[in-house]
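Working notes for the structure below.
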Amino acid sequence: MKFIKSFAVITGIAIFILNINTGVQKSIAQEKSPFKFEISFPSTIHSKPITGRVYVIVSRNSNREPRFQVSPTGVPIFGKNVENLMPGIPVEIDKNVPGYPLKSIKDIPPGEYYIQGFINIYTTFHRSDGYVIQLHQDQWEGQRWNRSPGNLYSNVKKVYINPEGQETIKLVCSNVIPPVKMPRDTKWVKYIKIKSKLISEFWGRPMYLGAVVLLPEGYETHPDVYYPVNYIQGHFSLRPPYRFREGTSFYRAWTSKNFPRMIAVTFQHPNPYYDDSYCVNSANVGPYGDALTKELIPYLEKKFRIISKPYARVLSGGSTGGWASLAMQVFYPDFFGGTFSLCPDPVDFRYYQIVNIYKDRNAYYKEYDWLKVERPNNRATDGSIRYMMKDENLYELVIGDKSRSGGQWAIWEAVYSPVGKDGYPEPIWDKLTGEINHSVAEYWKEHYDLRYYLEKNWSWLGPKLVGKLHIYVGDMDTYYLNNAVKLLERFLENTKNPYYAGTVEYGDGKPHCWGPRGTELIKLIADYITKNAPEGEDTSKWKY
């Protein structure tokens, strides 16, 4: 009996110890969370090593490929930098890789999903300022990483995900995005692409500027007529100006009798940071302001019958193009004859959307004694909030660090900031916390705060801008851009010697991007040019 009791005790202790060990092992296994993704690419589609960023994208539906469902309010995406990644070598996306809107793959709820792997390829740039940096080189798609020619992606895979499990889900990026198919010239629309000497020297490799030119009715049958031009600023597009297309109301107006005969031109100036350069000289992006005014526009004015005089060069644009068209007029006041700027990006950095970068401590929160309130980023006209400041910034950080997301906050940082010690733009704030760097803010103020620049230089700049500034914005702008416009208007309305004599108009309850467009805008510009043409200029020739 004693032996049996002793054996039972020993057995019980052994079982107890075994249970403890099993529990510890189970706990360790859970803590390690071995679930992960592996992304690779075969040498048959890309034989050289890749430096860039690798993504895994997860979706609940297959309506579109997951890569096309990514946005600040879209599906989860997880991103990781790679350097000299060889073909066939897998990249792990595990719980430590950052994601948005989920922070980690361990936060994916168990269930069935459609997943896709993607590789965004970077190019090494040896810039003229001595920095060697790596960014995605635009392939004339407009800096859209998920559509950019040469980038790699996997087939969509339907899988069951259990983040507590030990499965490794493998995705092979065996597809290459094909080159952009360029549209052909037509009777009305001409496509231009030239190598820029200034931009190529800055970036240390061939860089290009482009334009889409819309010719007026009767251009071929009136060979002696020269025309005023509307230079339209905005995001990269291969579409004709004003979306000119047969069958549309704008087409019918453009080709009708008694319609102003002008030439309309959209610019194309994608760069390694964004689909648009913002048309100014920048320490990080390059001398695009000079390149556009000294290379592209002179080229266009020689190739087409454009009146090569300031009064006949009128700018317009909305949002990004609203800021760019206003900035070009302000920084090149003698070159252009006026601007019609719609819903411009922040024109006064005391309202950088909804942040005062000079006085606020944090971009993501309004801080009180005992309370922190998140700052909104996007609203509907009824005031309801779509997402917050931190959301879009954190989304961009997952797409690409060091201002390499190709997103809105990234390009503002690239255009406005000084060059950081690593060769990339100096951040205006910490992307994770939102804490503002006020020394960078002061640099922004001195170089790109348009209201501040106008106020500081009005004594000599004002006389060059009288009657030239025309700004339109909805007073419920989606991105709160009306607030900065109001600060600019306050300055302009108080100008003296001279008074600015321009226009600032608000759309009651209107969102981004309110203002005159299409035929209305063309007629407005034509009337403006006629009214302000220098004495001796015959404006009747282009009104046949």
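Where in the chain are the DSSP H helices whose C-alpha atoms run 24 Å or more along the long axis and whose mean Kyte hydropathy is at least -0.5?
2-32
With +1 on each Lys and Arg Cβ and -1 on each Asp and Glu Cβ, and nothing else charged, work out how big the dipole of the chain is about its Cα centre, in Debye to the nearest 20.
Details: 67 positive and 56 negative charges, 257 e Å.
Value, rounded to 20: 1240 debye.
For TYR160 and HIS126, compute 0.36 nm times the residue count separating them, minus their Cα-Cα distance, and round to one decimal in nm.
Numbers: separation 34, 0.36 × 34 = 12.24 nm, distance 4.44 nm.
Extra length from TYR160 to HIS126 when fully extended: 7.8 nm.
Using only Cα atoms, locate the centre of the stretch 88-150 and the centre of the stretch 363-427, then give the distance between them in Å, rounded to an integer.
Using only Cα atoms, the two centres lie 19 Å from each other.
For the pairs LYS456/LYS486; LYS257/LYS486; LYS294/LYS464, flag any whose C-alpha to C-alpha distance is greater than 28 Å.
LYS257/LYS486
From the residues ASN393, ALA441, TYR100, which one has its Cα farthest along the dipole of the chain in the positive direction, the dipole being from +1 and -1 charges on Cβ of Lys/Arg and Asp/Glu about the Cα centre?
Going by the Cα projections, it comes out as TYR100.
Once each part is reduced to its C-alpha centroid, what is the distance from the stretch 479-541 to the stretch 287-348 in angstrom?
14
Sequence neighbours fewer than 8 away in the same chain don't count; with that in mind, list the aspartates and glutamates whose C-alpha is under 17 Å from LYS468.
Correct list for LYS468: ASP334, GLU455, GLU489, GLU493, GLU505, ASP527.
Among GLN116, ILE89, VAL54, which residue has its Cα positioned farthest towards the positive end of the charge dipole of the stretch 35-176, with +1 placed on the Cβ of Lys and Arg, -1 on the Cβ of Asp and Glu, and the dipole taken about the Cα centre?
GLN116
Over the stretch 212-358, consider all pairs of different Cα atoms and compute the Kirkwood hydrodynamic radius from their mean reciprocal separation; express it in Å, one decimal. Could you put the intermediate results ahead of the total?
Numbers: mean 1/r = 0.0615 Å⁻¹.
The answer is 16.3 Å.
Can you pull out the cysteines in the chain that have no other Cys Cβ under 4.7 Å?
Lacking a cysteine Cβ partner under 4.7 Å: CYS173, CYS279.
Around THR293, with a cut-off of 12 angstrom between Cβ atoms, what is the net charge of the other residues, counting Lys and Arg +1 and Asp and Glu -1?
Taking every Cβ under 12 Å from that of THR293, the sum is -2.
Please list, ordered by chain and number, the residues whose modelled amide H lies under 5 Å from the amide H of PHE304; skip anything fewer than 5 residues away on the same chain.
Excluding prolines and chain starts, which carry no amide H, there are no hits.
Search the structure for amide H atoms under 5 Å from the amide H of LYS468, placed 1.01 Å from N in the peptide plane, and list their residues when 5 or more places away or on another chain.
Answer set, sorted by chain and number: none.
Return a whole-number percent for the relative contact order of the chain, with Cα pairs under 8 Å and 6 or more residues apart as the contact set.
It rounds to 12 percent for the chain.
For the chain, divide the Cα radius of gyration by the Kirkwood radius and give the resulting Rg/Rh value with two decimals.
Using only Cα positions, Rg/Rh for the chain is 1.08.
Would you kindly calculate the translational diffusion coefficient of the stretch 350-447, applying Stokes-Einstein with the Kirkwood radius from alpha carbon pairs, for 4 °C and a viscosity of 1.567 mPa s, and quote it in µm² s⁻¹ without decimals?
Details: Rh = 14.0 Å.
Estimated diffusion coefficient is 93 µm²/s.
May I ask for the Rg/Rh ratio of the stretch 35-176, computed from Cα atoms with Rh as the Kirkwood radius, given to two decimals?
Radius of gyration over Kirkwood radius for the stretch 35-176 works out to 0.98.
What's the lysine pair count for the stretch 143-198 at a Cα cut-off below 23 Å, pairs eight or more apart or interchain?
Here the count comes out as 5.
Of PRO42, ASN146, SER316, which is farthest on the positive side of the dipole of the chain, counting Cα position, with +1 on Lys and Arg Cβ, -1 on Asp and Glu Cβ, and the Cα centre as origin?
PRO42
We did not get these values from a lab; they are worked out from the coordinates using the rules stated. Bear in mind the structure is a predicted one, so any value in this text is a computation, not a measurement. Counting neighbours? That spans all protein chains shown, and the Cβs are built from the backbone with ideal geometry, glycine included.
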